[in-house]
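Report on the structure given below.
The values are calculated or read from the model by the stated rules, or taken from the named source; none is laboratory data. This is a predicted model, so every value here is computed, not measured. When we count neighbours, we look across all protein chains shown, and the Cβ atoms used for this are built from the backbone with ideal geometry, even at glycine.
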Amino acid sequence: MKLYRVAAAPNPTKVMLYIAEREALGAQIPVEQVSVNVIKGEHRAAEHLARNPFGTLPVLALDDGSYLLESLSIIMYLESRFPEHRLLPVEIEACALAKDLERTVEMRVAMPIARYVHATRSPLGYPPDLKVAGEIEGSLPVALKWLEKKLSDGREMLMGSQVSIADCTLQSALQFARFGQADLIGAYPLLAAWDSRYRARPAALSILKF
């Protein structure tokens, strides 16, 4: 298997963090990671478009020649394909809560942060859009306050004492914010403390660049 990814981009980083966290727990996930240089336009080259006609990353090339194009689909495949030391709980309700937390973080935090970075200091050269940036600045605090409340019980990670897929998703978004020089969590001390804790993890140190 090959994982096509780009450093700093949130969706590839989420998968890279997930793999690193699994391997830190002792899982063996034989995935070769291949960098695609989006600054040079390699994601629009015919070779990559043959893998993913949308030109996005990450892409997981399976051994049978098929491809997975979405970060969460890749993670769910790896959870099932290599079941030892999974990040998702086995118990049904706990598993559902973990999946729901990840989706909420993705939809309510990660996606708005990605839009904000592209609207203010896009690494892909998109023109600034102050209207979009302002709308996100107005709406994002609802989700950030929700996370701050979750962390108010003293938990170490978003689900409790153990790392979850949601932690990988949130940190990938915050790295992209740092890359775009956007401080969006400075007013949330518990979230900022979580950010520092997560960034000190061995898996994070091996993946994060910003």
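Summary table below
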read-out: Residue within the range 4-13 that is part of a helix (DSSP H, G or I) and either without any contact (Cβ under 8 Å) to a residue 40 or more places away in the chain or not polar (S, T, N, Q) (or both) present; value: yes
read-out: The range 166-178 residues that are of a type outside the set (D, E, K, R), paired with ones that are modelled with pLDDT under 95 (beta carbon under 6 Å, 6 or more apart); value: Gln175/Phe210
read-out: Options Leu57, Leu78; residue that is part of a loop (DSSP other than H, G, I, E, B), surrounded by 14 or more Cβ atoms within 10 Å (Cβ to Cβ) and at pLDDT 95 or above; value: Leu57
read-out: Qualifying helices (runs of 4 or more DSSP H) (wholly inside the range 109-210; at least 3 residues being surrounded by fewer than 18 Cβ atoms within 10 Å (Cβ to Cβ) and either out of contact with any Leu (no Cβ under 6 Å at 6 or more places or on another chain) or of a type in the set (Ser, Thr, Tyr) (or both)); value: 130-151, 189-199, 202-207
read-out: Residue within the range 30-37 that is more than 30 Å from Ala98 (Cβ to Cβ) and under 19 Å from the mean Cα position of the chain (by Cα) present; value: yes
read-out: In the range 38-54, residue farthest from the chain's Cα centre (by Cα) [restricted to those that are surrounded by 13 or more Cβ atoms within 10 Å (Cβ to Cβ) and under 17 Å from Gly125 (Cα atoms)]; value: Glu42
read-out: Selection within the range 14-50 - part of a helix (DSSP H, G or I) and among the hydroxyl-bearing types (Ser, Thr, Tyr); value: Tyr18
